[in-house]
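The values are calculated or read from the model by the stated rules, or taken from the named source; none is laboratory data. The structure presented is a predicted model; accordingly, all values stated were derived computationally and were not measured. Quick reminder, even Gly has a Cβ in these numbers, built from the backbone with ideal geometry, and neighbours come from all protein chains shown.
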Amino acid sequence: MTGKFIVIEGLEGAGKTTAINAVAHILIQHSIDDLQFTREPGGTPIAEALRNMIKNGLDNDPLTDKAELLMLYAARIQLIDNVIKPALKAGKWVIGDRHDLSTQAYQGGGRQLDQTFITTLKEQVLGDFKPDLTLYLDIAPEIGLMRAKARGKLDRIEQQSLPFFERVRQRYLDLAKQDNTIMIIDAAQSIDNVTKQIEQILTKWLTK
Ligand code: T5A
């Protein structure tokens, strides 16, 4: 029996860490306790090295938008082939902190990279691999960035302008409307209310 792949998505400060803990807790309550946690970009030594470059840059070598996109897909396929697929095959359930929807939203919506280029890469790299369920934590960028800022220094992507994050959010919402495996959670509410929404959606999905 293969496991399932559940992904948590959202803008910076949307509350993904809290949501991941809530998802794990609910799965364990349903006797699903062989869990594998992943994060993107990252999750293998090579993918973590790429994450560091994507988030912080390197020396005085400006990272171009296209190179950023290619590095994200390089990190993603390392993680899928070396961690996610073997885990699913072994019957584990994988809980992912971000996956390909982030690329569609940030590089497609935010950076406004050519959609054909992104779609071609996605098809070539991922094929038909996709999460079984995605929980998208929807939040206004002003609120999410305020939460992220409260934690300290902002990275390369967090330093983007507000219109960038508004485009990211809009792309997330547009894509969620077109895909019934993506559920929207109102992440502007209190942590308790966000957790309750996750509980309702996940319990319904698990008992489906
Ligand atoms: N990226 C990633 C791309 O551009 N393309 C891609 O394809 C991929 C995969 C990754 C960066 O890379 C970009 C997106 C990102 O910029 P990251 O560190 O993985 O970076 O992601 P971040 O979004 O930056 O992670 P954050 O830690 O900022 O976001 P979280 O995890 O959503 O935030 P969290 O849970 O730590 O919460 C932030 C704070 O808010 C509080 C928490 O206690 C915490 O202090 N909080 C709440 N406060 C009030 N009410 C609530 N409901 C709250 N929920 C949480």
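Table: residues versus (1) among the acidic types (Asp, Glu); (2) within 11 Å of the ligand (Cβ to nearest atom); (3) within 30 Å of residue 58 (Cα to Cα).
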{"site": "161", "(1), (2), (3)": "no, no, yes"}
{"site": "164", "(1), (2), (3)": "no, yes, yes"}
{"site": "168", "(1), (2), (3)": "no, yes, yes"}
{"site": "172", "(1), (2), (3)": "no, no, yes"}
{"site": "177", "(1), (2), (3)": "no, no, no"}
{"site": "183", "(1), (2), (3)": "no, no, no"}
{"site": "186", "(1), (2), (3)": "yes, yes, no"}
{"site": "189", "(1), (2), (3)": "no, yes, no"}
{"site": "202", "(1), (2), (3)": "no, no, no"}
By residue number, the members of region 103-122 that are in contact with a Gly (Cβ under 9 Å, 6 or more places away or on another chain) and touching a residue at least 40 places away in the same chain (Cβ under 8 Å) are 118
Might you check whether a residue that is modelled with pLDDT under 95, at negative phi and more than 17 Å from the chain's Cα centre (by Cα) occurs anywhere in region 196-207? yes
For residues that are among the polar types (S, T, N, Q) and within 14 Å of the chain's Cα centre (by Cα), tally how many sit in region 13-32. 2
Between residues in region 140-155 that are more than 18 Å from residue 186 (Cβ to Cβ) and touching a residue at least 12 places away in the same chain (Cβ under 8 Å) and residues that are assigned to a loop (DSSP other than H, G, I, E, B) and within 7 Å of the ligand (Cβ to nearest atom), which pairs lie under 7 Å by C-beta distance while being six or more apart or on different chains? 148/12; 148/13; 148/158
Considering residues that are within 13 Å of the ligand (Cβ to nearest atom) and either under 16 Å from residue 19 (Cβ atoms) or among the aliphatic types (A, V, I, L, M) (or both), the number found within region 124-151 is 17
May I ask you to say which residue of 87, 74 is of a type in the set (A, V, I, L, M, F, W, C), closer than 24 Å to residue 123 by Cβ and free of Cβ contacts under 8 Å to residues at least 60 places away in the same chain? 74
Which members of region 113-141 meet the condition of being in contact with a helix residue (DSSP H, G or I) (Cβ under 7 Å, 6 or more places away or on another chain) and over 30 Å from residue 208 (Cβ atoms)? 113, 115, 118, 121, 141
Quick one: would you say residue 103 is among the hydroxyl-bearing types (Ser, Thr, Tyr) and more than 13 Å from the chain's Cα centre (by Cα)? no
